[in-house]
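One structure is given here, and the rest of the page talks about it.
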Amino acid sequence: MKKNILVIPGDGIGPEVTQWGKAVLEQIAISFNHEFNFDEALMGHAAIEATGNPLPDETLEKARKSDAILFGAVGHAKYDNDPSLKVRPEQGLLKIRKELGLYANLRPILLFDELLNASSIKAHILRGTDILFFRELTGDVYFGEKTRSEDKNTASDLMIYHKYEIERIAHKAYEAAMQRGRKLCSVDKANVLESSRLWRETVQEIAKQYPEVETQHLFVDNAAMQLIKDPKQFDVVLTANLFGDILTDEASQIAGSMGMLASASIGDGTGFFEPIHGSAHDITGKDLANPLASILSVALMLEISFGLKEEAQLIISTIDRVLKDGYRTSDIADDSTSPYKVLGTQDMGKLV
Ligand code: GGG
C-alpha cells in the first residue's frame, strides 16, 4: 500500500513524541512492504513564530492533499499567562479541524492489564474497562461567538449547536456501538442548557434508527462521577466538544496516564491522529514524555484511515509486551512496589 502521510509535530513535547509515531510507521512499512511517504508542516506556536499564523495556508494545503495526518500537540507557556495575546497556538488546531470537516473525535480508553496499578482507581473496578468516546469537534463554546465588554470585566462564549452537527456524530457513534457492545451513553447537561436539550432530543431521534443499541442519557456531572465509580458500565460515550474534552482527560486516569491515550479525528476530510495530551511545556526537552500515545495514534491511523488491522494490532501487542516486560515511562511507573525499568522518551520509542 502506498500512502502520503503529513506529520505536524507542533509544540512542546509534540516533536519528541511524534518522532516515535513516525518511526513506528517506518518500521511497519518495512515489515509489511508498504510505502509511506512523509511530509512535514508547521502548526501552533511553532507556526506563529515562523509565519505569524497558527495554521499557515501551506499546512492546510498539504493536509488536504495527504492520506492521513499525524499530529503532536499545540500550546506554549507564554500564552497561558497572557490572555491578551490574540493569536494563539490552539487556534491552529481548531481551524484545521473545522477546515477538514473533522467533526468526530474518537478517543478509545484502552486499558493495558499491566497498568492496572498505575491508576489511582482500584484495579478490580478498572479491570475489563473498554470505552470508546465520541467527542464532537466542530461546534460548542469552542466555535461560538466570543465577546468581551469594553471595560474588559464581562466575557462570554456562545455555546451553540446545530441539529445537523449532532445528527452526523450521533450516527458515527451508533455505527460504532453496533460493532461493539451495543450500548451508548449520551452525555449532556439538558437540565440546564438549551443546546443540551437540542442534543438530547436529537440523539433520542437518531436512537430510533438503532433499536439494537441500548441508549442511556446522563448529565455530565453524573457521568464524571460514574466514570470513576464504575467505568465498566460504559461502552460508547457520545458527547459535545467541551464535555468530551474534560471527560476524556478524566478517563485517561483509568488508562494510567494522559500519556497513554490516542485519538482519531474523522469526518469529511483526511483523518487526523493525535495523542490527547497537550504540549506539556513543563517537561519539554527533558526526555520525560511518554511516546506511547503518539504510537497508539499511529495504530488508529493504520486501522481507521488505511484499513490495516493486522498492522494496528501488532503495534498494540508490541506495547503490551513492552509493558509486560516491565518497561515504563515515569508517568506510568508510580507503583513503587514493582521493580520497573523506567525509560525516557527516546529509549521507550526505540524499544517499541
Ligand atoms: N494533542 C492535543 C493538543 O494539542 N491539545 C491542546 C489543545 O489545545 N487542545 C484543545 C482541544 O483539543 O480542543
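The values are calculated or read from the model by the stated rules, or taken from the named source; none is laboratory data. Note that the structure is predicted; figures quoted are calculated from it, not measured. Counting neighbours? That spans all protein chains shown, and the Cβs are built from the backbone with ideal geometry, glycine included.
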Legend entry - So Leu94, is it surrounded by 22 or more Cβ atoms within 10 Å (Cβ to Cβ), touching a residue at least 40 places away in the same chain (Cβ under 8 Å) and within 16 Å of the ligand (Cβ to nearest atom): no
Legend entry - Hey, Gly101 within 14 Å of the ligand (Cβ to nearest atom) and either crowded, with 16+ Cβ neighbours inside 10 Å or under 19 Å from the mean Cα position of the chain (by Cα) (or both) or not: no
Inset, instruction - Considering each of Glu303, Glu250 in turn, give the residue that is without any contact (Cβ under 8 Å) to a residue 40 or more places away in the chain and within 19 Å of Leu102 (Cβ to Cβ). - result: Glu303
Inset, instruction - Examine the range 164-176 for a residue that is closer than 21 Å to Gln91 by Cα and touching a residue at least 12 places away in the same chain (Cβ under 8 Å), and state whether such a residue exists. - result: yes
Inset, instruction - Within the range 273-295, count every residue that is touching a helix residue (DSSP H, G or I) at 6+ places or on another chain (Cβ under 7 Å) and within 16 Å of the ligand (Cβ to nearest atom). - result: 14
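One line per residue, one yes/no per condition, for (1) under 20 Å from the mean Cα position of the chain (by Cα); (2) not in a loop (DSSP other than H, G, I, E, B):
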residue	(1), (2)
Leu6	yes, yes
Pro15	yes, yes
Thr18	yes, yes
Gly21	yes, yes
Met43	yes, no
Ala46	no, yes
Ser84	no, no
Val87	no, no
Leu94	yes, yes
Inset, instruction - Test each condition in (1) touching a residue at least 24 places away in the same chain (Cβ under 8 Å); (2) more than 14 Å from the ligand (Cβ to nearest atom) for Ala29 and report the one that comes out false. - result: (1)
Inset, instruction - Name the strands (runs of 3 or more DSSP E) wholly inside the range 104-183 in which the number of residues that are in contact with a Lys or Arg (Cβ under 8 Å, 6 or more places away or on another chain) is 3 or more. - result: 104-110, 130-136, 155-157
Legend entry - Residue in the range 55-62 that is crowded, with 17+ Cβ neighbours inside 10 Å, modelled with pLDDT under 95 and away from the ligand (no atom under 15 Å from the Cβ) present: no
